[in-house]
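Working notes for the structure below.
The values are calculated or read from the model by the stated rules, or taken from the named source; none is laboratory data. Just so it is clear, the model here is predicted, and its values are computed rather than measured. Cβ atoms come from the backbone with ideal geometry, glycine included; neighbour counts cover every protein chain shown.
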Amino acid sequence: MNKEQKALLERYNRLLVERNKVMNLTAHKTEAESFLYNVHDSLLFGDIFNTIKKVKVLDLGSGGGCPAIPLKIAFPHIDITMLDSVGKKTGFLNDTISALELGEIRAVHQRAEEYATKNREKFDFVTAKAVAELPTLLEYALPLLKVGGRLLAYKGSHVRMEIMASAFALREMGGRVAEVQEAELQVTDGLPLMRTLVVVQKTKKTPSKYPRGKNLPRTCPLVGE
């Protein structure tokens, strides 16, 4: 990463912390904490984009912009759409894109199940950080992926139970867990925090009835039959 990219990451982090004073974007109040737990954490698994050229990425539940904006800065060749159901958050994201003069990235104010009606199988990757447990996330993400595309689910250390609970949703959505990566987030004091990336590959078309509306993926997740 060059000096310009590092400077952009720092500017983004300052904008995030400053706007967080008047709206809920992150739990981390200082620039140092935010850079570690938001920016650095978003880039732990970024190497997956190193050898990939032009791809379309959808970031679900973008909130304050992680991991999407750090990934865009670190890997300028990827095209990213950030999706969030809260208008104030997408407003902040689009303001930040303009302030940082980033291209091929935009924020859309819409619910995932509504967005999927006109954007099925459009994306090579879907990213999601702190959005939902895996069975719910699969129902939101896989209809948006091309066959062969991948969901990158950013998780903490306790993901095995989520993966086990996702067996039925994987069959229904047409996906398989292709890989589970682990990395340590080095904190300034105390033990490192374990981070996990669950990579789900889409193996076949998702039935058109998914994702279900009326918030059913969250209130009634597909956890087994």
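For residues in the range 110-145 being more than 26 Å from K54 (Cβ to Cβ) and in contact with a strand residue (DSSP E or B) (Cβ under 8 Å, 6 or more places away or on another chain), which is surrounded by the most Cβ atoms within 10 Å (Cβ to Cβ)? Steps first, please.
Step one: filter the range 110-145 for residues more than 26 Å from K54 (Cβ to Cβ), giving 111, 113-114, 130, 132-136, 139.
This time we only want the ones that are in contact with a strand residue (DSSP E or B) (Cβ under 8 Å, 6 or more places away or on another chain), so: 130, 134.
Details: A130: 13, L134: 26.
Once the filter is applied, the top-ranked residue is L134.
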Among the residues in the range 56-74, are any outside any helix (DSSP H, G or I), among the basic types (K, R) and at pLDDT 95 or above? yes
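If only one of V180, V159, V200 is buried (at least 17 other Cβ atoms within 10 Å of the Cβ) and modelled with pLDDT of 95 or more, which one is it? Outline the logic, then answer.
Details: V180 fails: buried (at least 17 other Cβ atoms within 10 Å of the Cβ); V159 fails: modelled with pLDDT of 95 or more.
Unique residue meeting the criteria: V200.
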For the range 103-125, state whether one or more residues are out of contact with any Asp or Glu (no Cβ under 7 Å at 6 or more places or on another chain), more than 28 Å from T203 (Cβ to Cβ) and in a loop (DSSP other than H, G, I, E, B). yes
So, in the range 15-46, how many residues would count as being more than 15 Å from the chain's Cα centre (by Cα) and outside any loop (DSSP other than H, G, I, E, B)? 11
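Going through F45, F75, F35, F49 one at a time, which residue ends up being aromatic (F, W, Y) and over 28 Å from K122 (Cα atoms)? Explain how you work it out, then say what you get.
Details: F45 fails: over 28 Å from K122 (Cα atoms); F75 fails: over 28 Å from K122 (Cα atoms); F49 fails: over 28 Å from K122 (Cα atoms).
Of the residues listed, the single one that is aromatic (F, W, Y) and over 28 Å from K122 (Cα atoms) is F35.
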Show the residue pairs meeting these rules: Cβ distance below 9 Å; 6+ apart or different chains; first residue within the range 156-178 and in a strand (DSSP E or B); second residue loosely packed, with under 15 Cβ neighbours inside 10 Å and not polar (S, T, N, Q). G175/K204
Return the only residue of V223, V147 being assigned to a loop (DSSP other than H, G, I, E, B), touching a residue at least 40 places away in the same chain (Cβ under 8 Å), of a type in the set (A, V, I, L, M, F, W, C) and more than 14 Å from F45 (Cα to Cα). V223
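Restricting to the range 183-197, name every residue that is closer than 14 Å to G46 by Cα and either surrounded by 15 or more Cβ atoms within 10 Å (Cβ to Cβ) or free of Cβ contacts under 8 Å to residues at least 60 places away in the same chain (or both). Give the derivation first.
Start the filter on the range 183-197 by keeping residues that are closer than 14 Å to G46 by Cα, which leaves 183-185, 195-197.
The answer is A183, E184, R195, T196, L197.
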